[in-house]
Amino acid sequence: MTLNRLYGFTFVEMLVTITIAAILLMIGVPSFQYVTNSNRIAAEINGLLGDMQYARSEAIKEGQPVTVCVSQNGTSCVNTNTWQKGWIVFSDVNGNAAVDAGDVVLRVQKTFASTDTFVATNNVGAVTFNREGYANGIANGLIALHDSTNNHNWIRCLSINLTGMMLSQTYGNTANGVTCN
């Protein structure tokens with residue numbers, strides 16, 4: 001006598017498995033969103049910080065001014081304080097914060113793909129480092145990075161002072177005499 005044995009899952013087993021998977025997804029998806037937001041924000045603030053530090057070191061090394069400015073096309077400066085449009089780093093022989101004949105563009109950062117905003121206080125659209133590494137014409141500048149939700153957890157700021165010291169800070173912290181908000 002042979003038994004016809006069927007192999008598979010019962011309805012109850014499948015329902016329990018789907019319930020466990022749903023619970024794991026409810027726990028995992030917010031954590032994944034946190035990680036992706038955190039990584040995106042860190043990359044954006046560190047991109048500008050790295051280019052500012054590069055500009056300062058090039059100014060000291062070359063013994064001539066180097067400027068970082070907002071640029072939409074990668075070849076010239078735009079008179080705006082919205083850094084999410086992109087920026088360029090260039091050797092600025094006469095220190096006028098404008099790309100002139102003879103100035104060499106050293107680095108180009110394109111417009112952010114996200115909807116994050118990167119706005120500077122005091123309408124700072126360009127930072128020029130002189131041959132000693134000082135930031136000319138900036139008095140405790142702050143460039144604040146906000147994500148589209150404007151949630152305090154995702155606000156980061158880049159603080160720059162006259163001596164060329166730059167700090168990345170989180171919401172509510174004070175550096176160089178300026179509070180990140």
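Here is a check on your reading of the model: is ASP147 farther than 27 Å from SER38 by Cα, of a type in the set (Asp, Glu) and out of contact with any His (no Cβ under 6 Å at 6 or more places or on another chain)? Explain how you work it out, then say what you get.
Working: farther than 27 Å from SER38 by Cα: no; of a type in the set (Asp, Glu): yes; out of contact with any His (no Cβ under 6 Å at 6 or more places or on another chain): yes.
In short, no.
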**OP:** Scan the range 124-181 residue by residue and report those that are closer than 17 Å to SER57 by Cβ and among the aromatic types (Phe, Trp, Tyr).
**Re:** PHE129, TYR134
Subject >> Output for the range 73-116, where each listed residue is crowded, with 19+ Cβ neighbours inside 10 Å and hydrophobic (A, V, I, L, M, F, W, C) >> reply: CYS77, TRP83, TRP87, ILE88, VAL89, PHE90, ALA97, VAL99
Original post:
Any residue at all in the range 48-57 that is of a type in the set (A, V, I, L, M, F, W, C) and over 24 Å from PHE112 (Cβ atoms)?
Top reply: no
Original post:
Taking interchain pairs and intrachain pairs at least six residues apart, which have beta carbon atoms under 8 angstrom, with the first residue in the range 114-131 and among the basic types (Lys, Arg) and the second surrounded by fewer than 19 Cβ atoms within 10 Å (Cβ to Cβ) and outside any loop (DSSP other than H, G, I, E, B)?
Top reply: ARG131/ILE60; ARG131/GLU62
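Okay, residues lined up against (1) at pLDDT below 95; (2) part of a helix (DSSP H, G or I); (3) within 19 Å of LEU142 (Cβ to Cβ):
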{"residue": "ALA22", "(1), (2), (3)": "yes, yes, no"}
{"residue": "SER31", "(1), (2), (3)": "yes, yes, no"}
{"residue": "LEU48", "(1), (2), (3)": "yes, yes, yes"}
{"residue": "GLN72", "(1), (2), (3)": "yes, no, no"}
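Rundown of residues vs (1) surrounded by 10 or more Cβ atoms within 10 Å (Cβ to Cβ); (2) without any contact (Cβ under 8 Å) to a residue 40 or more places away in the chain; (3) more than 30 Å from TYR171 (Cβ to Cβ), yes/no style:
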| residue | (1), (2), (3) |
| --- | --- |
| THR17 | yes, yes, yes |
| GLY28 | yes, yes, no |
| GLN33 | yes, yes, no |
| ASN37 | yes, no, no |
**OP:** Please indicate, with yes or no, whether at least one residue in the range 89-109 is of a type in the set (S, T, N, Q), within 17 Å of ILE41 (Cβ to Cβ) and in a loop (DSSP other than H, G, I, E, B).
**Re:** no
Original post:
Residues of the range 150-169 being loosely packed, with under 14 Cβ neighbours inside 10 Å and β-branched (Val, Ile, Thr), which ones?
Top reply: THR163
Original post:
What number goes with the only condition from (1) in a loop (DSSP other than H, G, I, E, B); (2) modelled with pLDDT of 90 or more; (3) not small (Gly, Ala, Ser) that GLN53 does not pass?
Top reply: (1)
**OP:** Find the residue count for the range 126-149, including only residues that are in a loop (DSSP other than H, G, I, E, B), surrounded by 15 or more Cβ atoms within 10 Å (Cβ to Cβ) and among the hydrophobic types (A, V, I, L, M, F, W, C).
**Re:** 1
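Output the number of residues of the range 150-168 satisfying the condition of being among the polar types (S, T, N, Q) and assigned to a strand (DSSP E or B).
Qualifying residue count, the range 150-168: 2.
The values are calculated or read from the model by the stated rules, or taken from the named source; none is laboratory data. Quick caveat: nothing in here was measured; it's all calculated off a predicted structure. In this analysis, Cβ positions are derived from the backbone assuming ideal geometry, glycine residues included, and neighbour counts consider all displayed protein chains.
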